[in-house]
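The values are calculated or read from the model by the stated rules, or taken from the named source; none is laboratory data. Predicted model only: the values in this text are computed from it and were never measured. Cβ atoms come from the backbone with ideal geometry, glycine included; neighbour counts cover every protein chain shown. In case anyone asks, the SASA skips ligands and DNA or RNA and just uses the protein heavy atoms, side chains included. Shrake-Rupley method; radii C 1.70, N 1.55, O 1.52, S 1.80 Å.
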Amino acid sequence: MPLSREIVIEVAVAVPVHGTFTYNVPEDLARLVSAGTRVLVPFGRRRATGYVLGPAPPSDRADIKFIADVLDERPIFPGAMIPFLRWTAGYYKHPLGQVIETALPGGLSVSESAVFSATAAGRAAMGDAPASARERGVLEALAEDGLRTRELRARLGRDFSEAVVSSLVRRGWVSREARLRGGRAKILEERRVRARDGEHDRPDLSAKKKLILAALGEAGDLAVRELNDRIPRAAAHLRALAQTGYLEIYSRRIYRDPFGEPIAPDVAPRLTAEQETVGAAVAAALGKGFHTFLLNGVTGSGKTEVYLRAAACAMQAGQSVLVLVPEIALITQTERRFRARFGDCVAVLHSGLSEGERYDQWSRILQGEARIAIGARSAVFAPLSDIGLIIVDEEHDASYKQEGGLHYSARDLAVVRAQQSGCPALLGSATPSLQSFFNVRTGKYTELRLTCRVEARPLPEIRVVDLRQCKDLRGPGRFISGELRQAMVDTLGRGEQVLLFLNRRGFASFPVCAACGSALRCRNCDISLTLHQSANAYQCHYCGFSRPAAAATCEACGSDKIKRLGLGTEKVEEAVAALFPQARIARMDRDTTQRKGAIVDMLKRLRAGEIDVLVGTQMIAKGHDFPGITLVGILCADLSLSFPDFRAGEHTFQLIAQVAGRAGRGERPGQVILQTYNPEHFSIRTARDQDYDAFYGQEIEFRRALGYPPVTRLVQLRISAQDPRQAKAVAEGLGRQCRALLAADPGIARAVTVMGPAAAALARIAGLHRWQILLKSADNGPLHRFVERLLAVHPESFNSRQARVVVDVDPLFLM
């Protein structure tokens, strides 16, 4: 409903400032303003996008500014989502306006920025003596094109000075113009025509016009482009026919299709006894308020069919369903299953869509045309109304954690949204996160188990190979053991498919100088480069820095003798091609799947039997169903164990169990060859035995002993700066402020521990030197109150020009 005409409104502005703001609404715009609409508001010296939250409390202030414009004819998100968005901003300590901006499809926000250009007087002054060197530098940078402040700062580097630019503006040598930018996502409309009622067989009409009217009489109405296809150059006659009243030209919104090919309806299979029991438990909870289930089901046990049946129950009750999956590749698989069952009421939301496609899908959900929304982590903000069920597949997956901007966990927000919507949340995984299983053990969640694969298919046999026995071999034998090679020979000989897993892309992951032993390192990060043979370049996987391989020399001694040590998926692909020249080999990693649709194409080829051996990184481990794969080779199970992170064991167990679960999902049994240098490590042993309970029992004791999540909660303060001294100084200053706050409040001091500051494990990434402080507590309440007090008492530390400080609540990556 529109807001009352005479009251002021509460607005969240899409800027990095906490809190909301109050604005007046001009009388002529009052009827257009509703909760959930975007408005253009004055903010400081510029204008920015604001999101209307509702009426603001009455105020006696006389200086309340008026909004400049209303950007939407109707709300862009439902008002019912506002409490959820407020909760997200409060929990993750992020400005509400930027939370809403993150939730909405990209390309909608509009902002105003200053553009500087050299005037005629400024160009004339460039050669004059009165202009200083810095002034001449600014004028030369602006001589041809207008630049925004950020662009001008980047071009001038250390010579940039805001004072100099302001002085040039005052002297008339530089002009300052405010320009709006953004708003790229647009509604797509299609011109259509339809015939008006009446006699169309008039003698004064040409043969072409009669043909046009006859086509419209038969079809009812047509898109102009479709009419042009039927009758060449028909569009040239439409305006004249419309002016004489024979037809009507109008526009209609159309939705860009992100799906591609149509999907044939499926027939629901018969459920196993375990699926029946689990499905009944979920169905019984629908419509009875909030409840969280953890569906702990072995790989291939039919969790997706349980999701489909539960979604059908919610749909029959007239409610909507939200489905989250961790990766875009899995969205396609899940979307196809749901479209086959539910048809056109399914919408998808993920970063692989264009801005226009994402906006269209958002609009379909908002208008109630799509009652099932499927997507990756950002889909947790889908504008669904009357949600009856929220599903999170592969709930353990680290991809649910957003690492840039708003640092949120989509899995955790899904549970919060279910709580606020009063509906069940169903979290599913074959390898549940310790956090979720801990919530089962503490009574917060209810566990549902699927212990058997569908159609009584056996779990794959897992055999462990000790790579220490291969360390003295040369060539492929160092990473493709004799046992794995023979298993590949047997599998390919039977016409079955092989999957080889290595969680490291590239060709050689550790190039070193043969003369002095120095590693080839990135210039911007404290990490070695990786050779990518297809690009003939050494590349950094953190910042993207690249240097040609042909001209690479050691920066320490200048030698061009570079030894290409280490292993990556490119080298594995090359080795397999040499060992099995007749095999059809494909590689699935970030390098081979950058093109839109590449992942889907590869999965189709695999399912069609056009690939014999698939080599890939962790993206092949996530819930895919490959019925033809009967052999999985895990080339080195230890890579993630070496990370300096307390979750290393958990990630290792999950990766091994998930990859192993790709084998034997069809009619033929599967086997797994697990190669490792640490066969006795408990993560390896329990993964080999497929014993999650044993893994959890040992891992949770380790977490308790060290006081790490899920037994405690963490907040990470990340400090980064280009100058290492400034990064250290800001980190140490923030550390002193933390301890001073603890000293001032003994109650919080007893509940909260401050660890650090310390340099991050990866001390430099993309040219930024990194430090961190960890805040730890067994109780979320005191921990969050402490962070809020720190933000309130020392805001200057979080808005420092010397360094950037980011608050990461419930951090997942501590490197």
Here Rg/Rh (Cα, Kirkwood) for the chain equals 1.00
Excluding ligands and nucleic acids, what accessible area in Å² is computed for GLU335 using a 1.4 Å probe, to the nearest 10?
10
Where Lys and Arg each count +1 and Asp and Glu each count -1, what net charge lies around ALA398 among other residues with Cβ under 12 Å from its Cβ?
-2
Tell me, what is the 1.4 Å probe accessible area of TYR92, in Å² to the nearest 10?
10
Selection from LEU674, SER642, THR592, by position along the positive dipole direction of the range 569-691 (Cβ):
THR592
Provide the solvent-accessible area of TRP87, counting protein heavy atoms only and rolling a 1.4 Å probe, rounded to the nearest 10 Å².
90
Cα convex hull volume per residue for the range 633-752 (Å³):
157
For the range 383-538, using Cα atoms only, the Rg and Dmax in Å read 23.0, 67
Filtering the chain for DSSP H helices with an axial alpha carbon extent of at least 24 Å and a Kyte-Doolittle mean of at least -1.0 returns 724-744
Semi-axes, largest first, in whole Å: what does sqrt of 5 times each Cα gyration tensor eigenvalue give for the range 328-454?
25, 17, 15
Stokes-Einstein D for the range 286-340, Kirkwood Rh over Cα pairs, 10 °C, 1.306 mPa s (µm²/s):
125
Within the chain, percent of DSSP bridges classed antiparallel, to nearest 5
60
Hey, if we sort ASP229, ASP60, ASP490, ASP386 by accessible area with the 1.4 Å probe, largest down, what's the order?
ASP60, ASP229, ASP386, ASP490
Average accessible surface area per residue within the range 466-572, 1.4 Å rolling probe, Å²
48
Keeping every protein chain in place, order MET488, MET602 by accessible area at 1.4 Å, biggest value first, i.e. largest first.
MET602, MET488
Mean Cβ neighbour count within 10 Å, used as a protection proxy, ranking 307-316, 262-271, 603-612 highest first
307-316, 603-612, 262-271
Equivalent ellipsoid semi-axes for the range 475-521, as square roots of 5 times the alpha carbon gyration tensor eigenvalues: give them largest first, rounded to whole Å.
33, 12, 6
